[in-house]
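Here the structure comes first, spelled out in structure tokens, and everything after it is commentary.
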Amino acid sequence: MNSLALINEFLGQPTNASSHGYQIDHIIEFCHWFMAALFFGWSAFFIFVLIRFRKRVHPAADHRGVRSGISTHLEFSVVLIEAVLLVGFAIPLWAKRVNQFPPGKEALVVHVVAQQFSFNYHLPGPDGQFGRRDVSFVSNSNPVGLDPNDPAGKDDIVTTGELHVPVDRPVIAELSSKDVIHDYFVPAMRIAGDAIPGSLIPIWFTPIKTGTYEVICAQLCGLGHYGMKGTLVVDTPQDYQTWLKERAELAGGAQGAAPSPSAGAAQPQSKPPAPAASASPSPGG
Ligand SMILES: [Cu+2]
């Protein structure tokens, strides 16, 4: 992004595709340069001390030690730079992330329900209303536990593995989990959040580049953790509408086959009935 972004490129950081990502990159980049300076500075100081105070020149120990104030000044500068990093950059950036959510109407709100070992997505459908969810309805064909008796949920869209979002529109993802702690991490969006059973944790980002991006689980969540990957596709608004229509048609077809809660015979893992994915009123409606 600029001449400073050498270390990020060297470390193979994926290109940023979100509106706030450059701020994160900037902090990462600055921290790396700062740590490099500290590393070379302290290494040089260590070598200097080894030579300067070698035994041949100083056979007896000097109990008063160094009298120059230079090390105090150095230490103070390091503390000052670290304080500026924390108070001036990191805390304001974090506060903005967690306090200044985009208004619900403007943003696309999606429920992300994690499980061993995939991410399920729940979208409100054309009526803009999320259907009720309850853990008692969870089955293989109803991964998020959508209540078949709730009219608001009739047009809801549920997908697994792949989510499409339109470009240049804020996305609020509300994270929860059905079993253990997962972490919804989209490196290209510079965003991550834990998905915790029993909690609803919102994160948000605004994609600014169309494309296909990797989603990974960033918490060691079991034997299949390495394979817990997904895809986030950032579409043009037209492509997004096409995808929505496709999913709605698929959902319409699947809704007819009423999901039965006891259809868990082919369950690959014995999952404890988690209290997690039960419906909570979402701020975005
Ligand atoms: Cu996981």
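Here are the numbers:
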{"quantity": "Inter-site label distance for N149 and I181 at 7 Å from Cα along Cβ, in nm", "calculated": "3.6"}
{"quantity": "Debye log10 I(q)/I(0) for segment 27-112, one point scatterer per Cα, at q = 0.15 Å⁻¹", "calculated": "-0.80"}
{"quantity": "Choice from G131, G153, G227 showing the highest fluctuation, given a GNM over the chain with Cα pairs closer than 10 Å", "calculated": "G227"}
{"quantity": "Kirkwood Rh in Å, taken over all unlike Cα pairs in segment 134-190", "calculated": "13.9"}
{"quantity": "Förster radius 45 Å - calculated FRET efficiency between K209 and D62 (Cβ-Cβ, nearest 0.05)", "calculated": "0.15"}
{"quantity": "Segments 85-91, 171-177 sorted - mean Cβ within 10 Å per residue, highest first", "calculated": "171-177, 85-91"}
{"quantity": "Hull volume in cubic angstrom per residue (convex hull over the Cα atoms of the chain)", "calculated": "182"}
{"quantity": "Computed E for E9/L250 - FRET, C-beta separation, R0 25 angstrom, nearest 0.05", "calculated": "0.05"}
{"quantity": "Rg over Rh, two decimals, segment 142-226 (C-alpha only, Kirkwood Rh)", "calculated": "0.98"}
{"quantity": "Calculated log₁₀ intensity ratio I(q)/I(0) where the Debye formula runs over C-alpha points of segment 56-165, q = 0.11, 0.15, 0.24 Å⁻¹", "calculated": "-0.60, -0.83, -1.27"}
{"quantity": "Per-residue SASA entry for W33, accessible area with 1.4 Å probe, Å² rounded to 10", "calculated": "110"}
{"quantity": "Solvent-accessible area of Y22 with every protein chain in place, 1.4 Å probe, in Å² to the nearest 10", "calculated": "120"}
{"quantity": "Additional length obtainable on full extension of the chain from S139 to A95, 0.36 nm per residue less Cα span", "calculated": "12.0 nm"}
{"quantity": "For K245, solvent-accessible area (1.4 Å; no DNA, RNA or ligand), Å²", "calculated": "130"}
{"quantity": "Normalised contact order of the chain, rounded percent, pairs of Cα under 8 Å and 6 or more residues apart", "calculated": "21"}
{"quantity": "Largest to smallest principal axis extent of the C-alpha atoms in segment 112-155, angstrom", "calculated": "30, 18, 13"}
{"quantity": "Gyration tensor over alpha-carbon atoms, segment 100-259, equivalent ellipsoid semi-axes in Å", "calculated": "22, 21, 14"}
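The values are calculated or read from the model by the stated rules, or taken from the named source; none is laboratory data. Note that the structure is a prediction, hence the values are computed from the model and not measured. Ideal geometry is used to build each Cβ from the backbone, glycine not excepted, and the neighbour counts take in all protein chains shown. Side chains included, ligands, DNA and RNA excluded: accessible areas come from the protein's heavy atoms. Shrake-Rupley method; radii C 1.70, N 1.55, O 1.52, S 1.80 Å.
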